[in-house]
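This report concerns only the one structure given below.
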Amino acid sequence: MGSTLSIHADALAAGQANLRTWLGEREGSWLWDRIRGIDSAVVVSGGDAKSISRDETFPVDIDDDELLKGELIRLVDRAAGDLREDELLARTVTVRVRDHDFTDRQASRTLEGPVLSDRAILRVARELLARLRKARPVPARLLGVGLSNLVREDGPTQLSLLPRAEVTGPESEKDRAVARVVDKLREKLGDEAIALGRKPTHRRR
């Protein structure tokens with residue numbers, strides 16, 4: 001806890017301009033907002049949350065699939081973290097793209113069983129992004145990830161005639177355990193301490 005407070009204090013003392021210089025425009029702005037209690041996540045609620053989404057509007061349109069995949073990892077990372085923080089699981093994953101000409105497109109997939117891990121959500125999100133890019137491979141202005149069809153972790157599960165391994169779909173107990181361990185580490189070291197599935201592009205020394 002003390003380490004996390006120290007990180008937040010250092011970031012506040014550094015100021016927004018320095019954070020943007022060290023981490024990049026998007027990452028620096030995001031961290032500055034987070035340490036001041038401002039979160040850009042979109043959560044629609046009415047009792048329990050109905051959906052959770054994260055999106056990013058790029059300062060320059062992106063036409064490189066690898067760069068878009070990197071942005072997708074970051075968005076899934078944040079959306080999945082919000083999901084677990086609210087003690088929820090999602091059955092439907094949606095990827096949204098806004099093209100350079102402001103055409104909005106999206107693709108969704110509903111899973112056999114609810115998931116909460118970054119790995120399971122990312123695997124589906126990658127397939128959806130690939131489908132959207134194949135249909136219209138033009139520069140992207142915005143990318144978003146949405147999680148919906150939410151259920152509580154401690155809620156009742158629907159019975160099925162299918163074996164348990166099939167019902168859980170793309171997620172294993174190991175996936176869930178790893179996701180929760182990462183959450184605990186980030187509580188101690190800060191949200192950006194662990195970057196799943198990618199190497200940090202900027203480091204502060």
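The values are calculated or read from the model by the stated rules, or taken from the named source; none is laboratory data. From a predicted model like this one, the values you see are computed outputs, not experimental measurements. For neighbour counting, all protein chains shown are included, and Cβ atoms are generated from backbone atoms with ideal geometry for every residue, glycine included.
General remarks:
- Residue in region 167-183 that is within 16 Å of Ile52 (Cβ to Cβ), surrounded by 14 or more Cβ atoms within 10 Å (Cβ to Cβ) and modelled with pLDDT under 95 present: yes
- Matching residues, region 56-69, being buried (at least 17 other Cβ atoms within 10 Å of the Cβ) and within 24 Å of Ser117 (Cβ to Cβ): Glu56, Leu68, Lys69
- Among all residues of region 68-86, there is none that is touching a strand residue (DSSP E or B) at 6+ places or on another chain (Cβ under 8 Å), outside any helix (DSSP H, G or I), of a type in the set (A, V, I, L, M) and modelled with pLDDT of 95 or more.
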